[in-house]
Amino acid sequence: MLIKLFSAGHGDYKKVLQRRSILFILLAVLGGCTMGASFVLAWLDVALPSFVLGFYGGVGLGVAGFSVMGLIGTRRLLRDEKKMRAEEIKETDERGREVTLRAASATVLILMVLAYVALMIAVAVSQAVFFTLLAAIAAFFVVFLSATAYYNKKL
């Protein structure tokens, strides 16, 4: 859902789907690299808990798998004009886009409240976790403000 929102564009829907295909390929490569890192770290016998290696492998497999599924679906749409047109109408529906935007806004607000609570707990438990959360929250706001400035100029 969010990939469709972020890779959407105005104009030729075929080009939108081609850009989306590239995004899916990049995500599949990222997932494959993450899986590969898990195998390489295990092969090099790096002193990491097996949980970490399993986590890397599982997340990599999940990202790669869902990306390949998305790529297959996008390629199928590109081959069938009728289905492509129906999907274009569905994706460009203003109500659906508004629902997605509002859900994303609510999710960001809830995640920021949860991050605040986690930050207050982490400061008492572990400085490493505290500073990691603090850096992630700061990075979020930098990206958010940058995106806001970009879209204020673009739109």
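The values are calculated or read from the model by the stated rules, or taken from the named source; none is laboratory data. Computed from a predicted structure; not experimentally measured. When we count neighbours, we look across all protein chains shown, and the Cβ atoms used for this are built from the backbone with ideal geometry, even at glycine. Only protein heavy atoms, including side chains, enter the accessible area calculation; ligands, DNA and RNA are left aside. Shrake-Rupley method; radii C 1.70, N 1.55, O 1.52, S 1.80 Å.
Observations
- Taking the helices alone, the chain has a mean residue ellipticity at 222 nm of -31000 deg cm²/dmol, built from -39,500 (n - 2.57) per DSSP H run of at least 4 residues and averaged over all its residues.
- When +1 charges are put on Lys and Arg Cβ atoms and -1 charges on Asp and Glu Cβ atoms, the dipole computed for the chain relative to its Cα centre reaches about 620 debye.
- Carbon plus sulfur fraction of accessible area for the chain, probe 1.4 Å, in percent: 72
- Rolling a 1.4 Å probe over the protein heavy atoms leaves Tyr151 with an accessible area of roughly 120 Å².
- Take every Cα pair under 8 Å whose residues are at least 6 apart in sequence, average their separation, divide by the length of the chain, and the relative contact order is 20 percent.
- The computed Rg/Rh (Cα atoms, Kirkwood Rh) for the structure shown corresponds, within (1) 1.05; (2) 1.08; (3) 1.26, to (1).
- Cα gyration tensor, the range 43-128 - rounded (a/c under 1.5), prolate or oblate: oblate
- Charge sum, other residues only, whose C-beta stays under 15 Å from Arg79's C-beta, Lys/Arg counted +1 and Asp/Glu -1: +3
- R0 of 35 Å, Cβ-Cβ distance Lys90-Phe55: FRET efficiency to nearest 0.05: 0.50
- Averaged per residue, the range 14-155 has 74 square angstrom of accessible surface, using a 1.4 angstrom probe with ligands and nucleic acids left out.
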